[in-house]
Each structure stands twice: as C-alpha cells, then as structure tokens.
1. What number of residues within region 127-156 are free of Cβ contacts under 8 Å to residues at least 24 places away in the same chain and surrounded by 14 or more Cβ atoms within 10 Å (Cβ to Cβ)?
2. Here is a list of conditions, (1) at pLDDT 70 or above; (2) within 30 Å of Lys157 (Cα to Cα); (3) aliphatic (A, V, I, L, M), and Ile62 meets all of them except one; can you say which number that is?
3. Looking at (1) polar (S, T, N, Q); (2) farther than 19 Å from Thr163 by Cα; (3) modelled with pLDDT of 85 or more, which is the one condition that is false for Gln109?
4. Only residues that are among the charged types (D, E, K, R) and at pLDDT 75 or above: list them for region 67-89, please.
Amino acid sequence: MNLDDFNNIDIKNLGNLPVPVKAVLLTAIFVLLLSVGYYILLSPALETLDQERAKEQDLRNIFLNKKSQAINLEAYRAQMVEIEKTFGALLKQLPDKSQIDGLLTDINQAGLSRGLEFELFKPGSEVQAEFYAEMPIAIKVLGTYHDLGDFASDISKLSRIVTISNVFVQPHNSKNAKVTGADGMLVMEAVAKTYRYLDAEEIAAKQKALKAAKDAKTKSKKKG
C-alpha cells in the first residue's frame, strides 16, 4: 500500500480496492462517524450530566446545612428563649402612654436633686417607629461641672430608657461675675430622648395606615 493507491481511488469501483486501502477508508469513516456522534449525541448528554452533578452537590450542601441545624436545634431554641427574655426585659423599660408623664417628672427631679437650675425643659413631638415611640426633650440646665456629670449619671440609672445627645456645654455668663464663667457655673444644652411602647390600638392604626398607603400606591401604578 502506497500513496498512489489513495490518489487513484475510483468511487464507482470501491469493491475492488486493495484490502489495506479499504481498512484505512473504513477506519477513517468510523472515526468520522464517532466524532459526529459525539458532538450530536454524547456531548449534550455529558453537559446534562455535569448540570445534574452540580445540582447533586447543591442538594448535598443543603442537606448538610439542614442536618447541622437539626443537630443544633435545641441550642437554637435555648437561644430564642434567651432572646425573648432579653427583649421582654428591655420592653419593660419602655413606659406606656400613661406612664410617660411620670418619667418626665423623674428626669426633672433628677436635675433638681443635684441642685441644677432648669432654664429649659421642653418635650417635643413624638416620632413613631414600628412598635415604640421616641420623644425628644430639649433641656438647658445651669450647674457646676460635677453636678452636671452627676445629673447625666442619674439619668442613665433610671429604670426607664433615657438617652442624652447633642450635648453642648459652655461657661455661664453671670451678671454678677466680671468674667464669663468666673462663678464656676456651666450651662449645658442637650436633647434627652425617652421612649415608650405603642399600645395595641396605636399599632393597629399604624398598620392600617401603612396598608392604605400601599394600596394607594398600587392603584396609582395601575392607572399609570
């Protein structure tokens, strides 16, 4: 068998070709068919197999994650109980609407007990959140450095949650002192914030208002 045998192939007379040439031609045809079959039939199947293997790995990961959660279920339950206890304790530190006046009195009394002079004590408008309301109180008090510090400490020790922010302290401009601050007195301006939890009626009204706003927004989109 040589190269001339392939150059002189007569397609109409393939049956009379030498056996070695026939073998080579059949081998070439077989390889060609195998390649075409791979790309047409086997390649998509292999791609599908890879996708299914990836899905299998994802399912294994989900299973292992669920298994881990099941093993730690009791720990999660204990953690939830602890969180509920902590939340309940914090909730008790929020007064209801009927107790807010008493809390304002406590804040005022904390300053008076330290000998501070209130030049301003003005509760502002409430700002409602999901389940609680925040009330800012603008205060301006006159006192010594230590008295102001003790007042802030007393506020932090109240049974109810009260925070102090936007603190600004400056020497007192006394009419009887020749120099500003010579009398040792300071003026502190700040915003004290106290909180209360919303009662059931307020929460229901808030949810109703949110639903109404959502419905109105949906209707507006449909019209648009």
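1. 1
2. (2)
3. (2)
4. First pass over region 67-89, keeping only residues among the charged types (D, E, K, R): 67, 74, 77, 82, 84-85.
Correct list: Lys67, Glu74, Arg77, Glu82.
The values are calculated or read from the model by the stated rules, or taken from the named source; none is laboratory data. Nothing here was measured: the structure is a model prediction, and the numbers come from that model. All Cβ positions, even for glycine, are placed from backbone atoms using ideal geometry, and neighbour counts span all protein chains on display.
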